[in-house]
1. Within 17 Å of residue 258 (Cβ to Cβ), surrounded by fewer than 24 Cβ atoms within 10 Å (Cβ to Cβ), of a type in the set (Phe, Trp, Tyr) and out of contact with any strand residue (DSSP E or B) (no Cβ under 6 Å at 6 or more places or on another chain), is that true of residue 40?
2. Just to verify a result, which residue in segment 86-110, among those that are of a type in the set (Ser, Thr, Tyr) and farther than 18 Å from residue 49 by Cβ, is surrounded by the fewest Cβ atoms within 10 Å (Cβ to Cβ)?
3. So in segment 156-188, with the set limited to residues that are modelled with pLDDT under 90 and farther than 23 Å from residue 28 by Cβ, which one is surrounded by the fewest Cβ atoms within 10 Å (Cβ to Cβ)?
4. So which residues in segment 333-374 are among the polar types (S, T, N, Q) and surrounded by 24 or more Cβ atoms within 10 Å (Cβ to Cβ)?
5. Based on this model, can you work out whether residue 31 counts as part of a helix (DSSP H, G or I) and farther than 23 Å from residue 296 by Cβ?
6. Can you tell me which of (1) part of a helix (DSSP H, G or I); (2) of a type in the set (A, V, I, L, M); (3) farther than 22 Å from residue 321 by Cα is the one residue 369 doesn't meet?
7. Name the single residue that is modelled with the lowest pLDDT among those in segment 106-136 being of a type outside the set (Gly, Ala, Ser) and under 12 Å from the mean Cα position of the chain (by Cα).
Amino acid sequence: MQRRTVWVLSTAQLLSGVGSGASLSVGSLLAVQLSGSNAWAGSVTTTMTLGAAAAALPLAGLAGRRGRRASLVTGLLAAMTGALLVIVSTVTGSFPVLLLAAALLGLGTAANLQARFAAVDLAEPERRGRALAIVVWAVTIGAVAGPNLIRPGALVGEALGLPALAGPFVFSTAGLALAALLLLIGLRPDPLLLAARLRSGGQRLPAGGADRGTSQARRRHGLRHGLRAIRASPRAGLALLAVIAAHGCMAAVMSMTPLHLQLLTEGPLADMPAGHAHAASTDVLVLIGFTISLHIAGMYALSPVMGWLTDKTGRLPVILLGHGLILLAVVVAGFGQAQPALVTVGLVLLGLGWSAATIAGSTLLAESVGTDDRVLVQGVSDTMMGVAGAVGAGFSGLVMSGVGYQGLNLAAAAVASVVFVVALLAAVRDRSLATSELAVRD
């Protein structure tokens, strides 16, 4: 049953990843074109992350009541609607419609984040990291393909009478629809509800699917109770800090990189006549798509390796590895800002750091709280990740306007440094405790 669950979740992640890849690659460019100002370049990423943050707890609540299938399908269908609205916004030239579309796409992001936790509902403790990582890895093909669908998408858009940048979202709509259909049909029995039934000794569950302990926990629902459960476990607090810091740093740097590459090669897009901007941007769109594809590959392609390391070496060492890679990434991208190749290398390292920190942190979080609080705490984690991503993307445009792309990367380095030190102190403390216990036994 666990193998089947992971396979279904992984395939759905692959299909839905096309939507996120397309949004990340052209979202900032669409925002600049439709708003007419570079100041709004980060607005699409910000709105997506805010949408994901706002949806995380409601989707977690829906999972607790109706199971993972209902929650994931709801998020993906909302994202499919968002992809359709992106097309509408480009046809009508409406910036508000674009922001609404980005918010709905954020629900798909929330669903994809929740899918990684669905992979560990039935997993054995010694295999949680790998199960979670496989589902995270599965998004690689779709997410990497998304940015590279810019040119094929332009051809599709032309054939359908759509603007060039709307074309990739035709593929996104189809991918999200197929992912939702697969989960609706294939995710049976529901892993969360089956895990609850196994904990109850195989007894019939109350209406709604949750066991009595989960129902009681759900009555204590909400962000406040989730944060209280996290504060009760220092390791859960560290896990949450590692995850949200990694996500915030990644969102801030990634969301401004397409605009930085465009400014580096062509100058301000908003200052160009509309027709000239579309014609002149073809080559840079390919460069941006390639860079973001490699960044997303860094985020997801080595996820199984990160999961294996998490299970074999422990959660804290991989968290340290993740934030160490983020530090290296922003140094390379920041000081190599004038060279697209170095920016690309930095973005790949940034993706790898995000992967390590997110997989190890999510695994540590899931096992550091009680069973009854787990789904709620996972929702809190995704909410806080969304908030961190929104803050990172939202302020990244202002930071970049004030201190440039290099300054933005150095700001991310400061955040990653704090988490690295906190995780290092925790790892040293754990080692000291282990040494003391060994000495007592001897």
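1. Working: within 17 Å of residue 258 (Cβ to Cβ): yes; surrounded by fewer than 24 Cβ atoms within 10 Å (Cβ to Cβ): yes; of a type in the set (Phe, Trp, Tyr): yes; out of contact with any strand residue (DSSP E or B) (no Cβ under 6 Å at 6 or more places or on another chain): yes.
Judged against the criteria, residue 40 is a match.
2. So in segment 86-110, the residues of a type in the set (Ser, Thr, Tyr) come out as 89-90, 92, 94, 109.
Add one more test, that the residue is farther than 18 Å from residue 49 by Cβ, and what stays is 89-90, 92, 94.
Values: 89: 23, 90: 24, 92: 12, 94: 15.
Ranking the qualifying residues of segment 86-110, first place goes to 92.
3. Taking the candidates together, the pick is 161.
4. 355, 358, 362, 363 - these are the residues of segment 333-374 that are among the polar types (S, T, N, Q) and surrounded by 24 or more Cβ atoms within 10 Å (Cβ to Cβ).
5. The answer is no for residue 31.
6. With respect to (1) part of a helix (DSSP H, G or I); (2) of a type in the set (A, V, I, L, M); (3) farther than 22 Å from residue 321 by Cα, residue 369 is out only on (1).
7. If we take residues in segment 106-136 being of a type outside the set (Gly, Ala, Ser) and under 12 Å from the mean Cα position of the chain (by Cα), then 136 is modelled with the lowest pLDDT.
A quick yes/no check of all residues on (1) outside any helix (DSSP H, G or I); (2) in contact (Cβ under 8 Å) with a residue 12 or more places away in the chain; (3) under 23 Å from residue 228 (Cα atoms):
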| site | (1), (2), (3) |
| --- | --- |
| 310 | no, yes, no |
| 332 | no, yes, no |
| 337 | yes, yes, no |
| 344 | no, yes, no |
| 348 | no, yes, no |
| 384 | no, yes, yes |
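The values are calculated or read from the model by the stated rules, or taken from the named source; none is laboratory data. Quick caveat, the model's predicted, so the values are computed rather than measured. Cβ: placed from backbone, ideal geometry, glycine included. Neighbour counts: every protein chain shown.
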